[in-house]
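See structure below.
The values are calculated or read from the model by the stated rules, or taken from the named source; none is laboratory data. None of the values given here were measured: they were computed from a predicted structure. FYI the Cβ positions are ideal-geometry reconstructions off the backbone, even for glycines, and counts take in every protein chain you see. Please note that ligands, DNA and RNA were not included when accessible areas were found on the heavy atoms of the full protein model with its side chains. Shrake-Rupley method; radii C 1.70, N 1.55, O 1.52, S 1.80 Å.
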Amino acid sequence: MAGVGLAAVAAWVPCRRWGLAAVTFGFHHGLSTLLARKTERAPQWLRACRHKTSISFLSRPDLPNLAYKRLKGKSPGIIFIPGYISNMNGTKALAIEEFCKSLGHACIRFDYSGVGNSDGNLEECTVGKWRKDVLSIIDDLAEGPQILVGSSLGGWLMFHAAIARPQKVVALVGVATAVDGLVTQFNQLPIETKKEIEMKGVWPMPSKYSEEGVYRIQYSVIKEAEHHCLLHSPIPVKCPIRLLHGMKDDIVPWHTSVQVADRVVSTDVDVILRKNSDHRMKEKADIQLLVYTIDDLIDKLSTIVH
């Protein structure tokens, strides 16, 4: 898809039930099947997502231990990768686990090092270290093929995981996918502001999702993140990809998902936009769309296997 203009490959498909529009890349029937599902199939667990799995810890030599919760079940398994400083107990993570439980599929959710119940110092964490966290979960805990669901920063990391583990990662679902996001946001700052951040060594990035109103990001973290940027060249991921994005996202513009779709090598890519959704996409209709998207990919992969 690299180098192909949006107008040449995209078709807008109205989706009445969820009030969204989808930009589809490639030629397949997965999205049409998803949109044709009957309303009565909406799972009852959306009313209340309760989790019963206990916290476990993945011990790693010379690396922080990672807290995780694993639900065993059928393949493909689902791994939820949280957003920046988010943990495994968020709305999307719990909903996905309950959905997997209803289908009998395996599911893993976890905390990055330095976040939640995992060991480590947040101030010492980088994109590269969190990339290693994701790969540790895939290598040491996940059994069989996996669908990765990444939210925001997790969407960036899921692409790195798919590149590093192509035999095990069979599909991707991104929510407000923030590929290169940290670096892009920093580069958009005025030159004077960037020089000041470099001098002080800390970027107090404004965020309405932080209790303090800002995230204090080390300048060294930004520079390290530059080594993990993907949008400067074709992204070598060939599996099916679904990118969900709210058009009222004031953190990661929805155009980022379209740009990712254009850069990725896979031809089985859908960008699904929700007109009134924000960055977190955790309203009931957003969650419903997310789990239906996962369900559709499971059906698609089962068809391919059998």
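Any residue in region 212-226 that is out of contact with any strand residue (DSSP E or B) (no Cβ under 6 Å at 6 or more places or on another chain), under 30 Å from residue 301 (Cα atoms) and either surrounded by fewer than 19 Cβ atoms within 10 Å (Cβ to Cβ) or in contact (Cβ under 8 Å) with a residue 40 or more places away in the chain (or both)?
No: region 212-226 contains no residue that is out of contact with any strand residue (DSSP E or B) (no Cβ under 6 Å at 6 or more places or on another chain), under 30 Å from residue 301 (Cα atoms) and either surrounded by fewer than 19 Cβ atoms within 10 Å (Cβ to Cβ) or in contact (Cβ under 8 Å) with a residue 40 or more places away in the chain (or both).
When region 273-302 is examined, which residues are found to be part of a loop (DSSP other than H, G, I, E, B) and in contact with a strand residue (DSSP E or B) (Cβ under 7 Å, 6 or more places away or on another chain)?
Selection gives 275, 277, 278, 279, 281.
So if I check each of 78, 85, which one is within 15 Å of residue 173 (Cβ to Cβ), modelled with pLDDT of 50 or more and assigned by the TED database to the domain that holds residue 147?
Only one candidate passes the filter, namely 78.
Kindly provide the set of residues from region 277-291 that are touching a Gly at 6+ places or on another chain (Cβ under 7 Å) and open to solvent by 40 Å² or more (accessible area, probe 1.4 Å), ordered by number.
278
Got at least one residue in region 196-211 being part of a helix (DSSP H, G or I), under 24 Å from residue 163 (Cβ atoms), open to solvent by less than 50 Å² (accessible area, probe 1.4 Å) and of a type outside the set (D, E, K, R)?
Looking through region 196-211, none of the residues is part of a helix (DSSP H, G or I), under 24 Å from residue 163 (Cβ atoms), open to solvent by less than 50 Å² (accessible area, probe 1.4 Å) and of a type outside the set (D, E, K, R).
Residues checked against (1) open to solvent by 60 Å² or more (accessible area, probe 1.4 Å); (2) in the same structural domain as residue 84 (by the TED database); (3) farther than 26 Å from residue 85 by Cα:
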residue	(1), (2), (3)
238	yes, yes, yes
246	no, yes, no
250	yes, yes, no
257	no, yes, no
260	no, yes, no
267	yes, yes, yes
293	no, yes, no
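Limited to region 125-179, what total is found for residues that are more than 15 Å from the chain's Cα centre (by Cα) and either assigned to a strand (DSSP E or B) or among the hydroxyl-bearing types (Ser, Thr, Tyr) (or both)?
2
How about region 73-113: which of its residues are open to solvent by 20 Å² or more (accessible area, probe 1.4 Å), part of a loop (DSSP other than H, G, I, E, B) and touching a residue at least 40 places away in the same chain (Cβ under 8 Å)?
Matches in region 73-113: 84, 85, 86, 90.
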